[in-house]
1. Can you compute the FRET efficiency between residue 96 and residue 55 using 1/(1 + (r/R0)^6), with r the Cβ-Cβ distance and R0 = 45 Å? Round to the nearest 0.05.
2. What is the gain in length, in nm to one decimal, between residue 6 and residue 112 on full extension, counting 0.36 nm per residue of separation less the C-alpha to C-alpha distance?
3. Return one whole number: the accessible area per residue of the range 92-189 in Å², for a 1.4 Å probe.
4. Return the Rg/Rh value of the chain, two decimal places, where both radii are evaluated on C-alpha atoms and Rh is the Kirkwood radius.
5. Nearest 5 percent is fine: what portion of the DSSP beta bridges confined to the chain is antiparallel?
6. I need the trypsin sites (Lys or Arg not before Pro) found in the range 1-79, filtered to DSSP loop residues with at most 13 other beta carbons within 10 Å of theirs.
7. Distance cut-off 27 Å, Cα to Cα: go down the list 40/217; 169/217; 40/99; 49/114; 25/165 and report the pairs above it.
8. Rolling a 1.4 Å sphere over the protein heavy atoms, what is the accessible area per residue of the range 1-73, to the nearest Å²?
Amino acid sequence: MLKIRDICKVFNHIKILKNISLDIKKSSIFGIAGPSGCGKSTFLRCIQKLECFDQGTIECKGRTGFMFQDFQLFPHMTVLQNLIYAPSLKNKGGKTDCKKQAEDILNNLGIASKINEYPSSLSGGQKQRVALARSLMAKPDILLCDEPTSGLDVSTIMDVIFLLKSVNKQLNITIIIASHDLDFLTKISDRIILLKGGEIAVDINPLTCDMPVDFLKKYY
């Protein structure tokens, strides 16, 4: 599904990513942990081609979608307008087909009642669902999530875990998550790497690792 070989990224003569090589399996949930500045978000952005890398190759079979840390919803647009804006520019069927798709996704995510509201009236958890819905409008094979639980309370984080696991199973979407929240990552991921100093310091399966949160903390 995703083959990454010897990826390097340099900012201001500093190597943010150093020869990262990975194979990420189709339909898996893959976690990327690490302290601030370790290159988690940069790595995601390289996969999405929002950043150019300086060395290496990324072979991606399928379409990618991106969930931004700060949601990046258009404040002057309703939930529906946020969802259909980009797809309707490309969809030959126009806004009618996109609207039906948006309504179905919002219904599946439990926020159909918010379809005509503006982002300013939504809670953090609701904005997260809208951001997820907008990403799903592109029908991605791989969903890239940058700090999806940032600023959310514990109960809302559990909702995010449920939602992403449901999307993974029902739509067969590969999910790659960058997060500093080790508890969240160990509850949702099939595999976790920890980046430190631009390199992979740890690569574990949290299901087979004894006390994975404590183990990962040793490498922070």
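The values are calculated or read from the model by the stated rules, or taken from the named source; none is laboratory data. Bear in mind that the values here come from a model prediction, so they are computed numbers and not experimental data. Reconstructed Cβ throughout: ideal geometry from the backbone, glycine too, with neighbour counts over all protein chains shown. Ligands, DNA and RNA are stripped out before the accessible areas are found, and what is left, the full protein with its side chains, is counted by its heavy atoms. Shrake-Rupley method; radii C 1.70, N 1.55, O 1.52, S 1.80 Å.
1. Details: r = 45 Å, r/R0 = 1.01.
Step by step, r from the Cβ atoms, then E = 0.50.
2. Working: separation 106, 0.36 × 106 = 38.16 nm, distance 4.32 nm.
Fully extending the segment from residue 6 to residue 112 adds 33.8 nm.
3. 46
4. Working: Rg = 17.5 Å, Rh = 18.0 Å.
For the chain, the value is 0.97.
5. On the way: 17 of 34 bridges.
Looking only at bridges with both residues in the chain, the antiparallel portion is about 50 percent.
6. Working: sites: 3, 5, 9, 15, 18, 25, 26, 40, 45, 49, 61, 63; in loops: 25, 26, 49, 61, 63.
The qualifying sites are 25, 26, 49, 61, 63.
7. Values: 40/217 16 Å; 169/217 29 Å; 40/99 34 Å; 49/114 31 Å; 25/165 16 Å.
The pairs that break the limit, which is 27 Å between Cα atoms, are 169/217; 40/99; 49/114.
8. Values: 3820 Å² over 73 residues.
I get 52 Å² per residue for the range 1-73.
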